[in-house]
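First the structure, in the form of structure tokens, and then the observations on it.
The values are calculated or read from the model by the stated rules, or taken from the named source; none is laboratory data. Owing to the predicted nature of the structure, the values given are computational and were not obtained by experimental measurement. Backbone-built Cβ (ideal geometry, glycine too); neighbour counts: all protein chains shown.
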Amino acid sequence: MVPGHAELVGFRLPDGALKTDATAPADTVGYRAGCSCGWIGTRDYPAADEGRWMATSEWGGHIRPLLAATPPGWLLSRSDTLRDGVTELTTTWPLQALGVLAQVERWQRPLIEQAVVQARATGLSWAEIGNALGISRQSAHERFRNVAPPKNPS
């Protein structure tokens, strides 16, 4: 669902070791949430189906904000197709490629600002906005503070 983030519920062995690379053995003493990105859950859960479910639920809490900022796959696919087409056009018809890129820039900048304004209006932080844009919290604030009102105090 989110590239680089796959659920890795680990199991705690009697010697204290945490493993995620095999099937849980019969002597498993607990479960711990984990993610392929390196994130590890905060605690061990009981060595029963319920414990595995609780670890999975904790991983869900880790992935939820990432899912909220991940664009839909169908839209990313179309974006990739546009990028690949413009890349090809650049080598054969550079002036046409420039025309397409200028058109994209004309609608892209206002859409980013509109999305930032909406994000701030719904109470999202500069850190969350920066993360979605792939920039720091400070960079997002500096770039958009004049177009986005302060988030609503709650």
Notebook entry, point to check: Filter the stretch 6-17 for residues that are of a type outside the set (Asp, Glu) and under 26 Å from the mean Cα position of the chain (by Cα); which is surrounded by the most Cβ atoms within 10 Å (Cβ to Cβ)?
Noted result: Phe11
Checklist line | Residues (surrounded by 11 or more Cβ atoms within 10 Å (Cβ to Cβ), farther than 30 Å from Asn146 by Cα and not aromatic (Phe, Trp, Tyr)) located in the stretch 84-117 | finding: Gly85, Val86, Glu88, Leu89, Thr90, Gln96, Ala97
Notebook entry, point to check: Within the stretch 118-138, is even one residue over 22 Å from Val2 (Cβ atoms), under 22 Å from the mean Cα position of the chain (by Cα) and surrounded by 15 or more Cβ atoms within 10 Å (Cβ to Cβ)?
Noted result: yes
Check: Could you count how many residues in the stretch 108-150 are modelled with pLDDT of 90 or more, of a type in the set (Asp, Glu) and either under 18 Å from Ala69 (Cα atoms) or part of a loop (DSSP other than H, G, I, E, B) (or both)?
Finding: 1
Note to self: Being at pLDDT 90 or above, closer than 30 Å to Asp44 by Cβ and either touching a Gly at 6+ places or on another chain (Cβ under 7 Å) or of a type in the set (A, V, I, L, M, F, W, C) (or both) is the filter here; which residues of the stretch 57-99 pass it?
What the structure shows: Glu58, Trp59
Check: Looking only at residues in the stretch 38-66 that are part of a loop (DSSP other than H, G, I, E, B) and touching a residue at least 12 places away in the same chain (Cβ under 8 Å), which one is nearest to the chain's Cα centre (by Cα)?
Finding: Trp39
Item checked: Residues that are part of a loop (DSSP other than H, G, I, E, B), aliphatic (A, V, I, L, M) and either in contact with a Ser or Thr (Cβ under 9 Å, 6 or more places away or on another chain) or not assigned by TED's automatic domain parsing to the domain that holds Arg64 (or both), drawn from the stretch 2-18 -> Ala6, Leu8, Val9, Leu13
Notebook entry, point to check: Which numbered condition trips up Ser79, out of (1) within 21 Å of Asn131 (Cβ to Cβ); (2) not assigned by TED's automatic domain parsing to the domain that holds Asn131?
Noted result: (2)
Next item on the list: Kindly indicate whether Ala17 is farther than 13 Å from His5 by Cα and among the hydrophobic types (A, V, I, L, M, F, W, C).
Entry: yes
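Which one of these is in contact (Cβ under 8 Å) with a residue 60 or more places away in the chain and under 30 Å from Gly130 (Cβ atoms): Val100, Val116, Val2, Val104?
Val2
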Next item on the list: Please specify each residue of the stretch 69-81 satisfying the condition of being in contact (Cβ under 8 Å) with a residue 12 or more places away in the chain and not β-branched (Val, Ile, Thr).
Entry: Ala69
Notebook entry, point to check: If you scan the stretch 19-37, which residues turn out to be in a strand (DSSP E or B), surrounded by 18 or more Cβ atoms within 10 Å (Cβ to Cβ) and not aromatic (Phe, Trp, Tyr)?
Noted result: Gly30, Arg32, Ala33, Gly34, Cys35
